[in-house]
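Data block below; observations after.
The values are calculated or read from the model by the stated rules, or taken from the named source; none is laboratory data. None of the values given here were measured: they were computed from a predicted structure. Counting neighbours? That spans all protein chains shown, and the Cβs are built from the backbone with ideal geometry, glycine included. Side chains included, ligands, DNA and RNA excluded: accessible areas come from the protein's heavy atoms. Shrake-Rupley method; radii C 1.70, N 1.55, O 1.52, S 1.80 Å.
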Amino acid sequence: QVQLVESGGGLVQPGGSLRLSCAASGSIFSIYAMGWYRQAPGKQRELVATITSSGSTNYADSVKGRFTISRDNAKNTVFLQMNSLKPEDTSLYCCKIFYNRYNGGGWYDYWGQGTQVTVSS
């Protein structure tokens, strides 16, 4: 069993900031990648940002320069600092991890339930 606990979403005015957190626990040996994805009503889910265990990052073009992803490997936690938020950032933000359950074991994706971010005046 794996649990992902996401937090930090909410309502913010355009230009404001939010910081999302996602803490993973349970039957995890190691996590190679952690990331954030978002899905607005009626739209496809899209990648926001990912980060590997070595710290390599990848961002969607729409968030580059505004969002920063980071992680605490000791706590299996990933963060997403979102600045200069725009109404088009409004979405359900979901955390995903790519992990294994034991040394040498297979790798799996696991998704969180998501946290809502609404950017509106």
- Query: Is it the case that Asn83 is in contact with a strand residue (DSSP E or B) (Cβ under 8 Å, 6 or more places away or on another chain), farther than 25 Å from Gly26 by Cβ and free of Cβ contacts under 8 Å to residues at least 40 places away in the same chain?
  - Reply: no
- Message: Would you confirm, using the coordinates I've provided, whether Ala60 is open to solvent by less than 40 Å² (accessible area, probe 1.4 Å), closer than 22 Å to Gly10 by Cβ, within 16 Å of the chain's Cα centre (by Cα) and hydrophobic (A, V, I, L, M, F, W, C)?
- Response: yes
- Applying the selection to region 13-35, what residues are in a strand (DSSP E or B) and open to solvent by 20 Å² or more (accessible area, probe 1.4 Å)? Leu18, Arg19, Ser21, Ala23, Ser25, Gly26, Ser30, Tyr32, Ala33
- Can you run down the residue pairs with Cβ atoms below 8 Å, 6 or more apart or on separate chains, where the first is in region 55-72 and farther than 15 Å from Ala33 by Cα and the partner is of a type in the set (Val, Ile, Thr)? Ala60/Val48; Val63/Val48; Phe67/Val48
- Among (1) open to solvent by 40 Å² or more (accessible area, probe 1.4 Å); (2) in a strand (DSSP E or B); (3) polar (S, T, N, Q), Thr50 falls short only on (1)
- Filtered residues of region 70-95 (kept if farther than 19 Å from Val2 by Cα, open to solvent by less than 10 Å² (accessible area, probe 1.4 Å) and in a strand (DSSP E or B)): Leu80, Met82, Ser91
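Would you point out the residue of region 97-107, among those that are open to solvent by 40 Å² or more (accessible area, probe 1.4 Å) and touching a strand residue (DSSP E or B) at 6+ places or on another chain (Cβ under 6 Å), that is nearest to Leu80 (Cα to Cα)?
Phe98
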- Query: Is it fair to say Lys43 is over 15 Å from the mean Cα position of the chain (by Cα) and surrounded by fewer than 20 Cβ atoms within 10 Å (Cβ to Cβ)?
  - Reply: yes
